[in-house]
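What follows is a short report on a single structure.
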Amino acid sequence: MMLLKSLCLAFLIPVLVEAQYEKYSFKSFPQKDIMPLESAYGYALEQYGAQNWRESIKFLELSLRLHRLLRDSEAFCSRNCSSVSRDNDTLFADSTLRVVRHILLRAACLKKCKAGFPVFNLAYPRRDLLEDFDKRIPYRYIQYAYYQLNNVEKAVAAAHTFLKKNPTDPYLTKNMNYYKTLFDVEEYLIDHEEQPYE
């Protein structure tokens, strides 16, 4: 019976580690989870500071999903509006008028597109906060919180995700080397931020 439980757990853990983005779609993001990125991340860090690891992880992962939602929604609208007004570029002989026309039509298209996504109804995050997410800083916190909960497999995945962007970070490199002494980490080296085209 113990062997059966161990086998079930061995197959379940990789699925749980990948679950953060597995069924993600920016077009069908749960309405109940939409909140300002700064609020979610700020609360996560408060909980982290108070050593409420589970609550911290919950909101750190929510902030990562909110950041991805914002990024993917912006990319969708940008792609959707990239060719606006190029069909009738011959309307104006003056190239300056063509450029102004293109800028105005693209701005109108972006405004209309963004109106369809609730994430754009929220306060836009500060630049320094977005830079933290681009640097994958939340994964530093997630890694340590999972370690504190004795969920080393998820700690490994979070550390790996962070190290893909910050390979010379001494703290997480040291932690990853420690994890490698505990067990074979290879199957948990999942980059949660990897894009399909990378």
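What follows is calculated from the coordinates using simple rules that are stated; it is not laboratory data. A quick note: this is a predicted structure, and the numbers were derived from the prediction, not measured. So basically every Cβ, Gly included, is an ideal-geometry build from the backbone, and we count neighbours across all protein chains shown.
Bridging of K165 to lysines at a Cα separation below 23 Å is possible for K58, K135, K154, K174, K180, once same-chain residues fewer than 8 apart are set aside. Between D191 and A75, what is the FRET efficiency for a Förster distance of 30 Å, r being their Cβ-Cβ separation, to the nearest 0.05? FRET efficiency, D191 to A75: 0.95. Each residue in R101, R140, R79 was given a count of other beta-carbon atoms within 10 angstrom of its own, and listing them fewest first yields R79, R101, R140. For Q51 and K135, a Förster radius of 22 Å and the Cβ-Cβ distance give a FRET efficiency of 0.40, rounded to the nearest 0.05.
When only alpha carbons are used to place a centre, the stretch 151-192 and the stretch 95-133 end up 36 Å from one another.
With neighbour counts taken as other beta-carbon atoms within 10 Å, the residues S25, S73, S56 rank, fewest first, as S25, S73, S56.
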